[in-house]
Structures are given as structure tokens and as C-alpha cells.
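Taken together, the values in this text are just the output of simple stated rules run on the coordinates, not laboratory data. Remember, predicted model here, so these are calculated numbers, not experimental data. Cβ sites come from the backbone with ideal geometry, for glycine too, and all protein chains shown count toward neighbours.
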């Protein structure tokens, strides 16, 4: 009986030694950030803003460029909105980012401090057109095509707000590094998607 047990133990030992080590796990590629349009970002921030103030209304929304994350047509890796509350008599900013970056950029929706405000708040239901559609409308103008030929590779920013100039809130599609330095932008109705005006 002993020889049989000795052979069996030796066989098990050899079987254990002959097993190949498991291959190293394949390195998974880091997922690319998912950029979104302005309307989607606004809805995400509005859901959080309503926990701050159930009567939250939109004052403005703008795209924010994020270093190392190129924008896509009509989409951005960063958005900032300001919501108002008539009951509270204040406004509050909220941000949405597709990535974490440094100490000031946090992935997801984050609220800022309350602040005073001026301007014309509007209902989120007034925003029926997303930035991708607004960009298509803006680029469809001959003046925009001519400007892009003259100044190629300019970043495109988005600003949503309501002014006395137009009946509905409007997307301002801005060619340039900032609103203040831009020399060309196109206004598109955020409720209907119609072209409104060109600003030089």
C-alpha cells in the first residue's frame, strides 16, 4: 500500500509543478472622458439645484474648456450654470465636469457658493435645443463659413442666457478663447433652434 501512496504523492507533486503560471492581466486602457452637450449638462445640474431650491430657475450656462481634453463639435468636458431661487432671493453656481483635474475640477455635478444676481431667469423647459443643433445652425451661415476660413482652428464656446433682445433664451455660439475677446458669434434660439443674429 505504501508504494501506491508514494507514487500518488509524487504524481500530485509533478502535476502541481507542471501548471503554467497565469498570464498577466492585460492592461485596460483608461476610459476616455465622455463629453456632453449643454442641454444634457444643464439637466444634470438642474436635478442637483432643485435639492438646493425647489423653485430653481436658470440664469445662464456656459461651456468651460478643460486642459488636455479637446472639445467635440457641440460638446464640452466642462459646463458651469447659475440657478436662481426667488424664494431664497439668491443665486448659486453649479459645475459639471467629465474628469477630475487638480483641486478645482471635480467629475460630476458640484455646487458653488450662493451669491446675489442680476439678469432674467428662465424655466429649464424653455431650453429645447442642444448645443450640437445650435452649432449646426450657426455654422450654416455663410458669414460663419467665411470667418472659419479666415481664422481656422479657433475654439468654439457656448453661452446660454436670456436678454431683452430676444423672446426666448438664446445660445450664443462663440468663436474664440473667451466671450470678451471673441470677434465673431452667432445667436440661436434655444427654444426653436432658429437663427437669430450674428455679432462681430
Q) How many angstrom separate the Cα center of segment 62-103 from the Cα center of segment 169-198? A) 18
(Q) Take residue 90 and residue 67, extend 7 Å from each Cα along the Cα→Cβ direction, and tell me the distance between the two endpoints in nm. (A) 3.1
Q: Note down the relative contact order for the chain as a percent, whole number, built from C-alpha pairs under 8 angstrom at least six residues apart.
A: 16
Q: Order the peptides 132-138, 119-125, 58-64 from the highest to the lowest mean number of other Cβ atoms within 10 Å of their residues.
A: 58-64, 132-138, 119-125
Q | segment 94-171 shape via C-alpha gyration tensor axes, a/c threshold 1.5 | A | oblate
(Q) Quick check on the chain: helices-only [θ] at 222 nm, where DSSP H runs of length 4 and up contribute -39,500 (n - 2.57) each and the sum goes over total residues. Nearest 500, please. (A) -8000 deg cm²/dmol
Q) At each listed q (0.14, 0.19, 0.21, 0.23 Å⁻¹), what is the log10 of I(q)/I(0) that the Debye formula gives for segment 70-200 modelled as equal alpha-carbon point scatterers? A) -0.71, -1.20, -1.34, -1.43
(Q) Order 150-163, 71-84 from most to least packed using the mean count of other Cβ atoms within 10 Å. (A) 71-84, 150-163
Q. Rounded to a whole number, what is D in µm²/s for segment 142-200 from Stokes-Einstein with the Kirkwood radius over alpha-carbon pairs (20 °C, 1.002 mPa s)?
A. 182
